[in-house]
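*Asks:* Sharing a structure here in C-alpha cells format.
The values are calculated or read from the model by the stated rules, or taken from the named source; none is laboratory data. Here the structure is a predicted model, which is why all the values come from computation and not from measurement. Cβ: placed from backbone, ideal geometry, glycine included. Neighbour counts: every protein chain shown.
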Amino acid sequence: MDSILLKSFIGNYRTPFEEEKAMVPDFLALLDDPMAFSRERKEGHFTASAWIVNKRRTHTLLTLHRKLHKWLQLGGHADGNENLLEVAMNEAREESGLTSLRLVDRFIFDLDRHIIPANAKDPQHFHYDVRFLIEAEMDEPLVISPESKDLAWVGFDMTAELVGYEGSILRMLEKTSRSEILL
C-alpha cells in the first residue's frame, strides 16, 4: 500500500462515528507533507496499529505501553514506510511474538489522531494512527517486547474496565462486536 492507495483508502473511508469522520480531512492533509511518515516531523506523523482479535471475537490483545503506562493496541511509527498495513503487521509481530497473525481485511479498520505527551526527546505531538483488523490464535505463546510492560488477551467484557475511557479503543471494541465484522 503506497501513499496513493492510502489516500484513496482514507478518502473513501466510511464510519458511523462522528469523531472519526471529523479526522479524515486532517489525515488527507497530512498525506501532502513529504515528512508525513517520519517521526522527524515534530508536529505529528503517521503511525500504524493492529487491532488483534481472536477468531471468535471475544478477546483482544493489548499491551501495557512502557512509556505511556496505558493498555493499548499494538502498533508503532512508520519510520519512512508508506505501507502502513506492512507497518501494522510488522509491529504486531515484533510486539507480540505471534506468528499466527492474519489480516482480516486490507481496508482501514479505524482512524485515530491522538496527542503524545512531551518527553525528554520529543515535544508534544500528534500520532495519526491508521489501524487494521488482525486475527490471531490465543493459544500461541506471547513474547513481551522492550516497548511493553505486559501483554495480555483481554475479554471484550473486561476491556472497558482495563482501558478506562480510552475512546478509540472502545470504538474499535464496538466495531468488532458488530455482526458485520464477523467474517
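*Asks:* List every residue pair whose Cβ atoms sit under 8 Å apart, with the two residues 6 or more apart in sequence or on different chains, where the first one lies in segment 126-143 and is over 30 Å from Arg113 (Cβ atoms) and the second, anywhere, is in a loop (DSSP other than H, G, I, E, B) and of a type in the set (Ser, Thr, Tyr).
*Replies:* Close Cβ pairs satisfying both conditions: Glu137/Ser100; Glu140/Thr99; Glu140/Ser100.
*Asks:* Filter segment 12-32 for residues that are basic (Lys, Arg) and modelled with pLDDT of 95 or more and give the result.
*Replies:* Selection gives Lys21 alone.
*Asks:* So, in segment 89-117, how many residues would count as being under 15 Å from His45 (Cβ atoms) and either of a type in the set (A, V, I, L, M, F, W, C) or at pLDDT 95 or above (or both)?
*Replies:* Count: 6.
*Asks:* Output the residue which, of all residues in segment 127-154 that are modelled with pLDDT under 95 and closer than 28 Å to Glu19 by Cβ, is surrounded by the most Cβ atoms within 10 Å (Cβ to Cβ).
*Replies:* Ser148
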